[in-house]
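Encoded as structure tokens, the structure appears first; notes follow it.
Throughout, read-outs are computed from the coordinates displayed, never taken from laboratory work. If you're wondering where the values come from, they're calculated on a predicted model, not measured in any experiment. Cβ placement follows ideal geometry from the backbone for every residue including glycine, while neighbour counts extend to all protein chains displayed.
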Amino acid sequence: MRLFVAINFNADTRSRLLALRDELRGKSERGNFSAPENLHLTLAFLGECDGKQLAAAKNVVPETVFAPFDIAVERIGNFRGDLWWAGLREDKPLLALQRDVSDRLSAAGFTLERRKFSPHITLGREVVTNAKPWQIEPFGETVSSIELMKSERIAGRLTYTAIARSR
């Protein structure tokens with residue numbers, strides 16, 4: 001099973017992200033745009049995992065304790081030209097949480113990517129557009145939990161399901 005650890009959003013933040021996704025869609029010829037229920041911030045991607053790894057991840061996520069903190073979405077940008085995202089401000093509490101989650105998962109035996117964490121929410125893949133990255137009026141929410149997510153295709157649709165949550 002394919003797993004990742006993420007921050008999921010409240011209804012207001014999700015609504016604002018959808019408005020940004022739709023603005024991008026309106027500026028694009030085509031693309032594979034994220035479904036509303038799939039908008040999230042990945043803290044750690046675990047990839048394909050077996051039962052033993054699932055059990056380890058289910059232990060790590062609930063034991064991850066942190067003080068609630070605010071996040072802020074502040075810009076729209078892209079990777080490789082065709083993967084478009086909403087970027088978050090790189091505040092210390094967010095970076096510390098991501099580092100702590102990664103360290104805990106590594107200690108539990110996971111091999112994680114070691115590239116610099118670039119906090120973003122994917123809005124669309126394979127996007128064809130002449131749009132340029134742009135700044136937005138920052139918005140966000142208070143983060144008080146993280147979730148272990150399972151990624152699977154159900155009836156041809158990419159579906160993310162929370163299977164464990166921090167306390």
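Of all residues in segment 75-89, those that are surrounded by fewer than 15 Cβ atoms within 10 Å (Cβ to Cβ) and either under 17 Å from the mean Cα position of the chain (by Cα) or in a strand (DSSP E or B) (or both) total 2.
Can you tell me which residue among 96, 72 is assigned to a helix (DSSP H, G or I), within 25 Å of residue 12 (Cβ to Cβ) and out of contact with any His (no Cβ under 6 Å at 6 or more places or on another chain)? Give the derivation first.
Values: 72 fails: assigned to a helix (DSSP H, G or I).
Selected residue: 96, the only one of 96, 72 that is assigned to a helix (DSSP H, G or I), within 25 Å of residue 12 (Cβ to Cβ) and out of contact with any His (no Cβ under 6 Å at 6 or more places or on another chain).
May I ask you to list pairs of residues, at least six apart or on different chains, whose Cβ atoms are under 6 Å apart, with the first in segment 28-39 being aromatic (Phe, Trp, Tyr) and the second being in a strand (DSSP E or B)? Short answer, once both residue conditions are applied: 33/124.
In segment 4-13, is there at least one residue being of a type in the set (S, T, N, Q) and over 18 Å from the mean Cα position of the chain (by Cα)? So far as segment 4-13 goes, no, none of its residues is of a type in the set (S, T, N, Q) and over 18 Å from the mean Cα position of the chain (by Cα).
Which pairs turn up if I take residues in segment 104-117 that are within 16 Å of residue 48 (Cβ to Cβ) and look for partners that are in a loop (DSSP other than H, G, I, E, B) with beta carbon separation below 7 Å, at least 6 apart in sequence or on another chain? That search, which allows pairs on different chains as well, returns 105/112. Which of the residues spanning segment 51-72 are farther than 21 Å from residue 142 by Cβ and among the polar types (S, T, N, Q)? Across segment 51-72, the qualifying residues are 53, 59. Residue 137 passes every criterion in (1) within 21 Å of residue 77 (Cα to Cα); (2) surrounded by 15 or more Cβ atoms within 10 Å (Cβ to Cβ) apart from (2).
Out of everything in segment 1-57 that is of a type in the set (Ser, Thr, Tyr) and part of a helix (DSSP H, G or I), what residue ends up being surrounded by the most Cβ atoms within 10 Å (Cβ to Cβ)?
Our first condition is that a residue be of a type in the set (Ser, Thr, Tyr); within segment 1-57, this holds for 13, 15, 28, 34, 42.
Keeping just the survivors that are part of a helix (DSSP H, G or I) gives 13, 15.
Details: 13: 19, 15: 11.
By that ranking, first place goes to 13.
Residue count for segment 145-160, restricted to those that are over 13 Å from the mean Cα position of the chain (by Cα) and either closer than 15 Å to residue 21 by Cα or assigned to a strand (DSSP E or B) (or both): 6. When segment 118-144 is limited to residues that are without any contact (Cβ under 8 Å) to a residue 40 or more places away in the chain and part of a loop (DSSP other than H, G, I, E, B), the one that is farthest from residue 65 (Cα to Cα) turns out to be 132.
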